[in-house]
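S.K.: Structure in structure tokens, see below.
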Amino acid sequence: MNIKAISRNVGAALLVSSLFMFLSAIVSILNGNDSALAAILISFVITFVVGVFPFIFVRKAPAITLLDGYAIICLAWLLSFIFGMMPYLLWGGPFTVINAFFESVSGFTTTGATILNSIEDLPNSLLFWRSSTHFIGGLGVVVFLLLILPSSNPVRLRLANMELSSLSKDYYHSRANKTFIIYTNVYLGLNLLSFLMYYFAGMSAFDAINHAFSVCATGGFSTKNFSIASFDSVPINLITIVFMYLASIHFGLLYFTVMSRSLKPFKNSVVRFYLKITFVSILLVSVLLKYTDTVSTWSKAFMDGAFYLVSIISTTGYAISDNATWPYSITIFVFVIGLMCGCAGSTTGGMKADRVYIFLKSVKRQILRITHPSAVEEVRVGSNILRDEDISPHVLFIGLYIFIAFCSMTLFLMLGMDMDNSFAASVSALGNIGPGLKTLGTFGNYNALSIPAKLLYCLDMYFGRLELYPVLAILSIIFNKFSK
């Protein structure tokens, strides 16, 4: 592996983090030098020095191989976690080493799970840093790296597929360089628009920018103990539902919808499948909420049902109600739907609706082959006919994803968690969703977990955010090297 190329590109990722640490320090100064100023400034200096160090000794970025790209991806995220935990750790309070690491991993992976019992006890500068990790993670450390790589680099598009699933390429019809410009513009546009709408709906400017960072990254960190419920505002609830869902749809599709001033891009078969699943699930959850007397009115049933379902399926994790008080059947149903999550080319985690759609079409084809051996049945996604070699990687991914989720659930059980929380924790972590069930639910937190359970949750968040294969590839290389 080319150490110079890897160090220079990973250093660029750390410089991005140091920029937002600097902005957090400015927030601290504007708030009268709050208690986190020293912690953030020290973190900024250390992260900046380490990030800029490779640029001093490596004047020109060497060409990178695919193996280098895997290493850059894995190390960029891992070091972002480690340096991102410093502001929490140096500030102290509830942030032990493991708690600071957990909060940092949860932020950068846009999971939104927290160990905090009282979020509002944090100074504003630390709250801003916490939301900033969502913003960075949502756009993707790898995307930041790819923006500075030479456009002629042959590894660039391959690297893109690690951050923007290869499923998403069908919708861009653009070169790799154009792809990232589109992705960045849509992401920044959603952040700006959500900030303005939150602000005009009644949030303070500080709350609005923090929640904009979080909702567009489908993260879930809030500045309030009771998340969106703290604002007790129907307009804010509706704005949050809209932006959670928009951020879970392919960014290329959103771009072409705006540019063409037409809803024609939404005729895409995968997006229509995703919309149908969402609509039917919201309807079912809302009806169950009303008929189980969980809520008193139909309006509240539809608001709570829509918010919770969209929050989970978009992997955001915001809340306006406590799912710990809901019937068990509803929460389990929503978490099963949450296995799918949003579309490729969005900021969501999970299997992705694209893969689930291809899988279901493949199952349908196989059943028809058995019942009608002479029939010619093809798997189509839009106008594209998929061959077996196109389908198999996505079916294998789903199998691997479920296998890792099952292994995680088993390990959580071995660590003393009950069956419900073990299932919810594995699905939540691997899908970068955030809330689980019971004490780990929408108004709960992960502080009471044991240290091994927190580390396992962090590992699942890491695997889920990088979509499994890059981490497995690097682990395989390391294992093979030391086994010789």
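The values are calculated or read from the model by the stated rules, or taken from the named source; none is laboratory data. The structure displayed is predicted, hence computed values, not measured ones. Note that each Cβ is placed from the backbone with ideal geometry, even for glycine, and that neighbours are counted across all protein chains shown. Note: areas computed on protein heavy atoms with side chains; ligands, DNA, RNA excluded. Shrake-Rupley method; radii C 1.70, N 1.55, O 1.52, S 1.80 Å.
S.K.: Whole-Hz ³J(HN,Hα) for each residue in the stretch 443-456, computed from phi via Karplus 6.51 cos²θ - 1.76 cosθ + 1.60 with θ = phi - 60°, x for glycine and proline: what do you get?
M.R.: 10, x, 8, 9, 4, 7, 5, 5, 4, x, 5, 5, 5, 5
S.K.: Accessible area of residue 411, 1.4 Å probe, to the nearest 10 Å²?
M.R.: 80 Å²
S.K.: I've got another one for you. Could you sort out which of 276/300; 178/454; 290/364 sit more than 29 Å apart by Cα distance in this structure? Please list the in-between numbers first.
M.R.: Working: 276/300 22 Å; 178/454 39 Å; 290/364 34 Å.
Among 276/300; 178/454; 290/364, the Cα-Cα distance tops 29 Å for 178/454; 290/364.
S.K.: Carbon-plus-sulfur fraction of the accessible area of the stretch 10-89, 1.4 Å probe, in percent?
M.R.: Values: 2760 of 3430 Å².
For the stretch 10-89, the apolar C and S fraction of the accessible surface comes to 80 percent.
S.K.: Now for a separate question. How much FRET efficiency would the formula 1/(1 + (r/R0)^6) give for residue 292 and residue 185, where r is the Cβ-Cβ distance and R0 is 60 Å, rounded to 0.05? Kindly include the intermediate steps, with their values, before the conclusion.
M.R.: Working: r = 44 Å, r/R0 = 0.73.
Taking R0 as 60 Å, the efficiency between residue 292 and residue 185 is 0.85.
S.K.: Using θ = phi - 60° and the Karplus curve 6.51 cos²θ - 1.76 cosθ + 1.60, what whole-Hz ³J(HN,Hα) does each residue of the stretch 207-215 get, with Gly and Pro shown as x?
M.R.: Once rounded to whole Hz, the list reads 5, 5, 6, 5, 6, 5, 4, 6, 5.
S.K.: Remind me, what semi-axes does the stretch 41-114 give for its equivalent ellipsoid, largest first in whole Å, using sqrt of 5 times each Cα gyration tensor eigenvalue?
M.R.: After diagonalising the Cα gyration tensor, the semi-axes are 27, 17, 7 Å.
S.K.: Another one. Express the Stokes-Einstein translational diffusion coefficient of the stretch 368-414 in µm² s⁻¹, to the nearest whole number, given a Kirkwood radius over alpha-carbon pairs, 10 °C and a viscosity of 1.306 mPa s.
M.R.: Working: Rh = 13.4 Å.
In µm²/s, the coefficient rounds to 118.
S.K.: Also: Let me check against my output: what whole-number percent is the relative contact order of the chain, with C-alpha pairs under 8 Å and at least 6 apart?
M.R.: Taking the mean separation of contacting Cα pairs over the length of the chain, I get 16 percent.
S.K.: Let me ask you something else. Under a 1.4 Å probe, what is the accessible area of the chain per residue, stated in Å²?
M.R.: Here the residues of the chain average 41 Å² of exposed surface.
S.K.: Assuming R0 = 45 Å, can you tell me the calculated FRET efficiency for the pair residue 439 and residue 479, based on Cβ-Cβ distance, to the nearest 0.05? Walk me through the numbers before you get to the answer.
M.R.: Details: r = 36 Å, r/R0 = 0.81.
Using R0 = 45 Å, I get an efficiency of 0.80.
S.K.: In terms of modelled amide H atoms, which long-range or inter-chain residues lie less than 5 Å from the amide H of residue 381?
M.R.: 386
S.K.: Counting only C-alpha contacts under 8 Å and six or more residues apart, can you give the relative contact order of the stretch 176-278 as a whole percent?
M.R.: 25 percent
S.K.: Work out how much length residue 363 to residue 407 would gain on full extension: take 0.36 nm times their residue separation and subtract the Cα-Cα distance, in nm to one decimal.
M.R.: Gain on stretching residue 363 to residue 407: 13.4 nm.
S.K.: On to the next question. How far apart, in nm, are two points set 7 Å out from the Cα along the Cα-to-Cβ line at residue 66 and at residue 26?
M.R.: 4.2 nm
S.K.: Now for a different question. Note down the relative contact order for the stretch 281-433 as a percent, whole number, built from C-alpha pairs under 8 angstrom at least six residues apart.
M.R.: Reported as a whole number, the value is 20 percent.
S.K.: Shifting gears a bit: Could I get the Rg over Rh figure for the stretch 397-484? Both from C-alpha atoms, Rh via Kirkwood, rounded to two places. Working shown, then result.
M.R.: Working: Rg = 13.9 Å, Rh = 13.6 Å.
Ratio value, two decimals: 1.02.
S.K.: For residue 250, which sequence-distant residues (separation of 5 or more, or a different chain) have an amide H within less than 5 Å of its own amide H, given hydrogens modelled in the peptide plane?
M.R.: Result for residue 250 returns 343.
S.K.: Also: Which ³J(HN,Hα) values in Hz, rounded to whole numbers, follow from the phi angles of the stretch 106-115 under the Karplus curve 6.51 cos²θ - 1.76 cosθ + 1.60, where θ = phi - 60° and Gly and Pro get x?
M.R.: After applying 6.51 cos²θ - 1.76 cosθ + 1.60, I find 4, x, 5, 7, 6, 7, x, 6, 9, 9 Hz.
S.K.: Given R₀ = 25 Å, FRET efficiency for residue 204-residue 300 by Cβ-Cβ distance, to 0.05?
M.R.: Values: r = 26 Å, r/R0 = 1.05.
Using R0 = 25 Å, I get an efficiency of 0.45.
S.K.: Which aspartates and glutamates have a Cα lying under 14 Å from the Cα of residue 4, excluding residues fewer than 8 positions away in the same chain?
M.R.: Leaving aside aspartates and glutamates fewer than 8 places away in the same chain, those within reach of residue 4 are 68.
S.K.: OK, next. Summing -39500 (n - 2.57) over the DSSP H runs of n ≥ 4 in the chain and dividing by its residue number, what mean residue ellipticity at 222 nm do you reach, to the nearest 500 deg cm²/dmol?
M.R.: My calculation for the chain gives -21500 deg cm²/dmol from helical runs alone.
S.K.: Still on this structure, I have one more. Which aspartates and glutamates does residue 267 reach when only Cα atoms under 16 Å apart count, and residues fewer than 8 places away in its own chain are ignored?
M.R.: 170, 354
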